[in-house]
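The values are calculated or read from the model by the stated rules, or taken from the named source; none is laboratory data. This structure is a prediction, so every number in the text was calculated from the model and none was measured. Because the Cβ atoms are built from the backbone with ideal geometry, glycine has one as well, and the counts that use them run over all protein chains shown. Heads up: the accessible areas ignore ligands, DNA and RNA and are worked out on the full protein's heavy atoms, side chains in. Shrake-Rupley method; radii C 1.70, N 1.55, O 1.52, S 1.80 Å.
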Amino acid sequence: MRADAARNLEAVLTTGARILAVEPGATIASIAAEAGVDRRTVYRRFASREELLAAIHTARLEAIEAAIEDARLREAPVVVALHRYVENIIAVNRTWPVDLSLMLTDDAVRRRRDACLFEVDTFLARARDEGLLWPGPAEGWARVLLPHLLILASHQQAHLSPAEAADLAVDTFLHGIGAPHVSRMT
């Protein structure tokens, strides 16, 4: 693919993700205009709005897979891997703000998403085994809490860079928001 065609495709996909996250009924023409390309350019690549949406979801899934791989969840020191994963996913969420769950009716997409979840679950078990997370009932809570912190850090803290938002999210994940002198209830 030519460099300008690749740039146009990237612009259409990222613009489409941003627009469709806010306005799910947006047209290809409005996405093309916002991306700065002719709508015919989009229609040459995507025969329908559904094909464009599928390409956006695929790009988000690929970005998630790359974020997990880059974080080195199985081999990097746990705190380093956690921060890298959180920072990467915040960047993915900001670039690709569409909800992947819309594509989970596709078996291949669901398997890929489940493989990503398995990697994160395996990492959280490693974090527990290495003493970073409390064992017991908190284990399930960590799995539920982390994605919500990622969403909050991605969108509610949009004024922060992904690295700064990751600092806040990781600190909250590991230490909560209570003052250090407050004893924990057990």
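What does the convex hull of the alpha-carbon atoms of segment 8-92 project to on average, in nm²?
Details: hull surface 23.3 nm².
Result: a mean projected hull area of 5.8 nm².
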If packing is taken as the average count of other Cβ atoms within 10 Å, what order do 81-88, 59-66, 111-118 fall into, highest mean first? 81-88, 59-66, 111-118
Just how far, in whole angstrom, is segment 150-176 from segment 60-132 if you go by their alpha carbon centroids? 16
Cα→Cβ-extended label distance, 7 Å offset, between ARG74 and GLU50, nm: 3.7
Computed ³J(HN,Hα) along segment 84-90: with the Karplus parameters 6.51/-1.76/1.60, θ = phi - 60°, integer Hz and x for glycine or proline, the list is 4, 4, 4, 4, 5, 5, 4
Rounded to the nearest 500, what is the 222 nm mean residue ellipticity of the chain from helices alone, with -39500 (n - 2.57) per DSSP H run of 4+ residues and division by all residues? -23500 deg cm²/dmol
Quick one: accessible area per residue over the chain, 1.4 Å probe, rounded to a whole number of Å²? 59
Separation between the THR14 and GLN157 pseudo-spin-labels, each 7 Å from Cα along Cα→Cβ, expressed in nm? 2.2
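Could you give the size of the charge dipole of the chain about its Cα centre, using +1 on the Cβ of each K and R and -1 on the Cβ of each D and E, expressed in debye and rounded to the nearest 20?
On the way: 21 positive and 25 negative charges, 70 e Å.
Dipole size: approximately 340 debye.
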Using the Cα centre as the reference, give the magnitude of the dipole from point charges on the C-beta atoms of segment 36-94 (Lys, Arg: +1; Asp, Glu: -1; all else neutral), rounded to the nearest 20 debye. 300
For a quick protection proxy, order the peptides 90-96, 30-36 by their average other-Cβ count within 10 Å, most packed first. 90-96, 30-36
In the calculated pair distance distribution of segment 70-186, what percentage of Cα-Cα distances lie above 16 Å? 64
Determine the gain in length on full extension of the stretch ASP4-ASP107; use 0.36 nm per residue of separation and subtract their C-alpha separation, reporting nm with one decimal. 33.8 nm
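Which value in Å does the Kirkwood hydrodynamic radius of segment 1-159 take, with 1/r averaged over all unlike C-alpha pairs and then inverted?
Values: mean 1/r = 0.0586 Å⁻¹.
Taking every pair of different Cα atoms in segment 1-159, averaging 1/r and inverting gives 17.1 Å.
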